[in-house]
Amino acid sequence: MSTTTRLASLAALTLALMAGPAVAADTIKIGVNEPLTGAFAASGTYVVNGAKIAADEINAKGGVLGKKIELVIEDNKSNPTEAAAVAEKLITSDKTPVLMGAWGSSLTLAVMPKLEEYEVPMLVETSSSGKITTSGNPFVFRISPPSALEAASFAPMVKKIGLKKVDFLVINNDWGRGAAGDFAKMLKAEGVEVGLTETMDQAAQDMSAQLSKLKSSDADTIMMTTSVDQLTLLFKQMAALGIKKRVITTGGSQNPDQIIAQAGAAAEGTMHLTTFLPWAPEKTPDPAATKYFLAEWKARGHQFAGATESFRGYDGIRSIAAAIEKAGSAEPAAITKAFWDVKMTGLNGPIAFAKSGPEGKESGQSKPTVYLIKIADGAVSEVAL
């Protein structure tokens, strides 16, 4: 290499190194910690795709504080240990001042110590375990309903739909066990008898042993909490075993269209608690925003079924952007403080954070709208709460 060529290469390298920080300074990073592989991959991918729509929409309008937002997306592999490692990477290596994640309750709970260690806030878009906002972590702000709130919203329907005795079949983690506990407490208060609680591992494919026990029970209803893919297997196995009991799913089983597509006739008659009504945009809290989101989702080639999960990523990034705007700064401490002043309308209702947890270390909890829908004749119909 000639001296001239060498000098030119060094000059180019120097310019590139100088440009790097300048480019980075023109964006505000948001860390996205979601399951893109593993048991919850489908749901995590939907959330990420919804987040991308929000980021593009915000950037098209000029960004936040005069800068574009940049999503730094990492795969937690549906694994709590990996979720914690991803959070640390996003905070220490990628220098993201705020995170969104981590879909499942066990994943989010694993991340939370990292938030306290580095004093970086996280917007929780999906997880429903009560412990997330009651354990005393002031860096957590959740827009999804904890299972206790979901249960309270469902309480007025208990007598209307005639529940007498309920069994539970739930995923064996913080999400599933928490839902079973919170719904059981509510049902007992409403005079409903609570029977069996059966659990299953998140990777389980054959639930015939648990279903056989539930078939022999005298309960009229089975409440289920798990991911969409596992629900599909459960409905097919119930049909094979001839189980005809009422089924109500809880805690984020927000993809009835995917269930219809995958489970077919086996899903007929099942009921699902959801926090978004894409089937009836005019009934949502912000019809114009819902129609925009659904149109953009379709324009990007995504299947309609995914909208019932992806809206959380969309609302999550919009909530974070609102906090950064109010903070007037992309510093973690300022964003954490500003979350308490966020007041906006999400696709599933008002987003505003009330204090939850021990005094002085409260987490923020928003209160979304909860709906009960039913699959009938291969389509979704609303059962008003």
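Since every read-out is calculated from the coordinates, none of them should be taken as a lab result. All values derive from a computational prediction rather than experimental measurement. Because the Cβ atoms are built from the backbone with ideal geometry, glycine has one as well, and the counts that use them run over all protein chains shown.
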Checklist line | All-pairs alpha carbon distance profile, the chain, 20 Å steps from 0, percent | finding: 29, 54, 14, 3, 0
Item checked: Where the Cα pairs of segment 294-376 fall when distances are cut into 10 Å bins, in % -> 15, 38, 30, 14, 3
Checklist line | 14 Å Cα-Cα reach of Lys188 towards aspartates and glutamates, excluding residues that sit fewer than 8 places from it in its own chain | finding: Asp167
Check: What ranking do Trp297, Trp279 get, fewest neighbouring Cβ atoms within 10 angstrom at the top?
Finding: Trp279, Trp297
Next item on the list: Two decimals is fine: what's Rg over Rh for segment 161-205, C-alpha atoms, Kirkwood radius as Rh?
Entry: 1.03
Checklist line | Overall Cα dimensions of segment 56-207 - principal axes, largest extent first, Å | finding: 56, 33, 30
Next item on the list: For the pairs Lys160/Lys245; Lys165/Lys244; Lys185/Lys245, note any where the Cα-Cα span goes beyond 19 Å.
Entry: Lys185/Lys245
Notebook entry, point to check: What ranking do 43-49, 340-346 get when scored by the average of other Cβ atoms within 10 Å per residue, highest first?
Noted result: 43-49, 340-346
Note to self: For segment 183-263, take N as its residue count and report Rg(C-alpha) divided by 2.2 N^0.38 Å.
What the structure shows: 1.09
Notebook entry, point to check: Of Thr284, Thr369, Thr37, how do they rank once you tally other Cβ atoms within 10 Å and put the fewest first?
Noted result: Thr37, Thr369, Thr284
Notebook entry, point to check: By Kyte-Doolittle mean hydropathy of at least -1.0 and Cα axial length of at least 24 Å, which whole DSSP H helices of the chain are selected?
Noted result: 3-25, 41-60, 307-327
Note to self: How charged is the neighbourhood of Ser217? Take every other residue with its Cβ under 14 Å from the Cβ of Ser217, and add Lys/Arg as +1 and Asp/Glu as -1.
What the structure shows: +2
Next item on the list: Please work out, to two decimal places, the log10 of the ratio I(q)/I(0) at q = 0.12, 0.18, 0.27 Å⁻¹ from a Debye calculation in which every Cα of segment 246-320 carries one identical scatterer.
Entry: -0.36, -0.77, -1.36
Item checked: Shape box of segment 158-297 [Cα atoms, principal axes, largest first, Å] -> 47, 34, 27
Item checked: Likely footprinting exposure, Ile132, Ile91, fewest C-beta neighbours within 10 Å first -> Ile91, Ile132
Margin query: If I take all pairs of Cα atoms in segment 326-367, what percentage of them are more than 11 Å from each other?
Written below: 67
Note to self: How are the alpha carbon pair distances in segment 51-114 distributed across 10 Å bins from zero to the largest one, expressed in percent?
What the structure shows: 21, 45, 27, 8
Next item on the list: Let me have the relative contact order for segment 185-298, percent, based on Cα pairs under 8 Å that are six or more residues apart.
Entry: 19
